[in-house]
Structure formats: structure tokens, C-alpha cells
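Notes follow the structure.
The values are calculated or read from the model by the stated rules, or taken from the named source; none is laboratory data. This is a predicted model, so every value here is computed, not measured. Reconstructed Cβ throughout: ideal geometry from the backbone, glycine too, with neighbour counts over all protein chains shown. When the accessible area is computed, the model is the full protein with side chains, heavy atoms only, and any ligands, DNA or RNA have been set aside. Shrake-Rupley method; radii C 1.70, N 1.55, O 1.52, S 1.80 Å.
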Amino acid sequence: MFGLPIRSVMEPRKLVVASPQTSVREAARLMMEARVGAVLVVSEGRLVYRITAVDRDPRATRLGEVMTPQPKTLAPEESFGRALLLMHENGFRHVPVVEAGRPVGVVSARHALDPELEEFASEARRREHLRRRA
């Protein structure tokens, strides 16, 4: 799995983007609705910032006020192992995946657990089904 290209691991359909003018509260709502742990701040189609601190009123604070420029990014053809190493070395759980300067997805440390989690969930469903039949 660690040698797989990021493109095969990430879920581009779960990409949540917002402008720097979006409030922190609105960004949190977007993340909750999409069931994701990160929002990418995009201006004119290009990734511009990532959140570093949210110790302010989420209704009044705009994303552009609590972001740092130039987040670390990876290309879709880089290995998933490289993504995990980058996250570990820098203390974050999500990395924007960028192609030609434009965000195409997000890869998460949680993706490393997904196969095991899916197997666990499948087994739990099987056991529940057997329990109900008994």
C-alpha cells in the first residue's frame, strides 16, 4: 500500500474548498456536511493557505485571517508512503494533492487505516447479521 501512488489512495470527490473570505464557522459546517477533516483554501482555482490556529470567534473570523501561506503539497503520482512520511515529519494529518498548481484532492493519514477499518466494519456487519438470525 505504501508504494501506491497517492492518486489511487485519495478521494478527490471529498475535496472541500473555500475562499479566504469564508468564515471559520462556515468552513466547519462544510467539513461536517462532507464528513471530512480538512478544508482547502483556494483563490482563483489555486491552493493558497492552510489553517494553523482557530483561537477566535468562528463567526467573525475569516479563513484568510487564520491561515499560513505555502502549505506542503504532494503530486498525485508520488507514493502514499511519501505522504505518510511528510505528515509524520511535520505533525499534520492531511496533505493537499496538487497538479499543475491546482488542488485535485487530499490524502490523509487515515487512508492508511482504511483497508483494515473496512475489513473490521465488514466483520462487524457479518456478526450482527448472524446474531439477528440466532
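May I ask you to say which residue of 31, 1 is at pLDDT 85 or above and open to solvent by 20 Å² or more (accessible area, probe 1.4 Å)? Break it down into steps so the answer makes sense when it comes.
Details: 1 fails: at pLDDT 85 or above.
When all the criteria are applied, what remains is 31.
Output yes when any residue across region 43-63 is in a strand (DSSP E or B), hydroxyl-bearing (Ser, Thr, Tyr), at pLDDT below 80 and over 12 Å from residue 6 (Cα atoms), and no when none is.
Within region 43-63 (the criterion being in a strand (DSSP E or B), hydroxyl-bearing (Ser, Thr, Tyr), at pLDDT below 80 and over 12 Å from residue 6 (Cα atoms)), the answer is yes, since at least one residue qualifies.
Out of the residues in region 106-134 meeting the condition of being modelled with pLDDT under 85 and outside any helix (DSSP H, G or I), tell me which one is surrounded by the fewest Cβ atoms within 10 Å (Cβ to Cβ).
Applying the filter and picking the extreme gives 134.
Which one is surrounded by the fewest Cβ atoms within 10 Å (Cβ to Cβ), of the residues in region 64-93 that are at pLDDT 85 or above and in a strand (DSSP E or B)?
Per the criteria, the residue is 79.
When both residues are 6+ apart or on different chains and their Cβ atoms are under 8 Å apart, which pairs have a first residue that lies in region 42-68 and is more than 18 Å from residue 96 (Cα to Cα), and a second that is at pLDDT 80 or above and assigned to a strand (DSSP E or B)?
Going by the 8 Å Cβ cut-off, the qualifying pairs are 58/23; 59/23; 60/23; 61/23; 62/23.
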